[in-house]
1. To the nearest 10 square angstrom, how much accessible area does B:Lys111 have with a 1.4 angstrom probe?
2. Within 10 Å of each Cβ in A:11-24, how many Cβ atoms from other chains are there, averaged over the peptide?
3. Just for chain B, what percent of DSSP beta bridges are antiparallel, to the closest 5?
4. State the percentage of accessible surface on chain B attributable to carbon and sulfur atoms; use a 1.4 Å probe and exclude ligands, DNA and RNA.
5. Work out, step by step, the length gained on full extension between B:Ala73 and B:Asp293: first 0.36 nm times the residue separation, then minus their alpha carbon distance; give nm to one decimal.
6. Taking a point 7 angstrom from the Cα of B:Arg62 along the C-beta vector, which residues in region B:124-139 have backbone N less than 19 Å away?
7. B:Lys372: net charge of surrounding residues, Cβ under 14 Å, Lys/Arg +1, Asp/Glu -1, itself excluded?
8. Using modelled backbone amide H atoms (1.01 Å from N, in-plane), which distant-in-sequence or interchain residues come within less than 5 Å of B:Arg54's amide H?
Amino acid sequence: MSSDNLDDVALAQLARHLGLAKLYAARPELIRKAYDSGRAMAQRLQRPDDIADEPSHIFQADNNV
Amino acid sequence: MSEQGFKTDEDLAFLSLVEVAARIRTGDLSPVTYTQCLLDRIGAHDQQFDSFLRVLSESVLREAEAAERAVLAGETLGPLHGVPFGLKDIIDAAGLPTTAHSQILAQQPPKTDDAAVTKRLRAAGGILLGKMATHEFALGGPSFDLPWPPARNPWNRERFPGGSSSGSGVAVAAGFLPMALGTDTGGSVRNPATACGIVGMKATYGRVSRQGVVPLSYSLDHVGPMTRTVADNALMLNVLAGHDPTDPASADVPVADYASQLNHGVKGLRIGILRHFHNRDMIADPVVATAIDEAVRVLQELGAEMVEIETEPLETYSTCNRVILVSEAYAMHRNWLAERPNEYSASFLERVLPGAFLTADDYVDALRLRRKLTVGFNQTIRELDGVIVASSMDPPFVIDDAAEVALKYSRQARAPFNLTGNPALSLPIGFDGDGLPLAMQIVAGNFQEAMIYRIAATYEAATIWHGRRPQL
């Protein structure tokens, strides 16, 4: 997500796009908290810096890593 | 059938799975008597602990009677013949609904088929006694806003029993069942095993089929056995392990005899100790750290060479696991979240909704990191027979203190091995000053479950912890 500080209007719009309009209407604070938590998680994620680092794809313990 | 006398019903209820199975096969123990003993115990005590969502009193007794007839008729018997088991209620059993402890699925019709693991337990002679409490869809919880209450710890009902396979852990620890199945996506077999003082195994990813199990996170989900002893756990994994072409992640790798090395000792083994997870990355309660130190000392005295090892910080693994887990869980729940959000518990919503706000690049980068971490961890342990790792950083906390749950639920070192897929077992290593269980994990290379059981059985035989029973 490009902005980590969405205002309420933008957050409501995003929630609607995601199909969470019902939940946002009833509990906007929950959606705000989820947004903050999701973005904080993404910030904490240590991202590989080598473009050659491939994903684990469909992960299988002995033949995919 | 002849019966060997037991001093009390409690002694009968706490027989090990290995001993129950052996006594039933030789006609020393009637499966009907044993099953009735468990049902009586559940009837007397489970209202305090809420470990069962459904007790199948009638059908399990019918199956126990049939099992007894088969013994008397001299039929060929499976390794679990006549022994009752429990299923976390995200695992299918034909003729029963699978509720996932959620209102979302509460009105679902009964399943028409067993999950692959249910079939395997039944084919080995096991008889289904009940469906067990879980956290909602194996993610929320402990929740007090669902149709069923959360399970409580048999060592102290005010304490959290671990989750999400809570009911399975509680029932095995309380002597309601000799074995149960749980599932583990971020530690959910090993967490209740740790908090309830029993043995819980998350085998290598792909080792045990997940067909017929409600998914939480497709690439992190595992199904695992929960028992009171190491030998019991090995017996159960012997039945569960194997390739299943109907599970796309199932590994087509030969199955070892997991009980074959239980008496081999640890002399000469090289065992790593991964200390920085609990003494630098996330500071464990001193009682946990001391118990791990003591367990390491025991293994050393038994002849193992203990080797300090280092890997990436715990937080690196935990965040990577969480990004993948909530992304995949959100994708699965998206339609229900849009249409029926009010039917979920508050804690489920709080845990799954961040997945809505993770992007495709967040998810792909987490998968890229996962591969690096997996390769790195396996490289680090390549010359080791096993690794000792903390499980929970704290003794079981107060279950209905929301602030404490929020603070301590994630203080654990189990999620790294869902990410890497390595087998990991939770094993009791003592009790704190309040009589609450403490545990450590033993981790090994992929498909090295037999070695984990060997190390665990050697430690277990040298210590007294597995013999303690909660006073209900």
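1. Looks like 60 Å² after rounding.
2. Details: counts 1, 0, 0, 2, 3, 0, 0, 7, 7, 6, 2, 6, 8, 1.
Average neighbour count from other chains, rounded to a whole number: 3.
3. On the way: 29 of 43 bridges.
Roughly 65 percent of the beta bridges in chain B run antiparallel, per DSSP.
4. Its accessible area is 49 percent carbon and sulfur atoms.
5. Details: separation 220, 0.36 × 220 = 79.20 nm, distance 5.20 nm.
Gain on stretching B:Ala73 to B:Asp293: 74.0 nm.
6. Answer for this model: B:125-131.
7. Working: positive: A:Arg47, B:Arg368, B:Arg370, B:Arg371; negative: A:Asp49, A:Asp50, A:Asp53, A:Glu54, B:Glu312, B:Asp365.
For residues surrounding B:Lys372, the net value is -2.
8. B:Lys131
The values are calculated or read from the model by the stated rules, or taken from the named source; none is laboratory data. Values in this document were obtained by computation on a predicted structure and should not be read as measured data. No Cβ is skipped: glycine too gets one built from the backbone with ideal geometry, and neighbour counts run over all protein chains shown. Ligands, DNA and RNA are stripped out before the accessible areas are found, and what is left, the full protein with its side chains, is counted by its heavy atoms. Shrake-Rupley method; radii C 1.70, N 1.55, O 1.52, S 1.80 Å.
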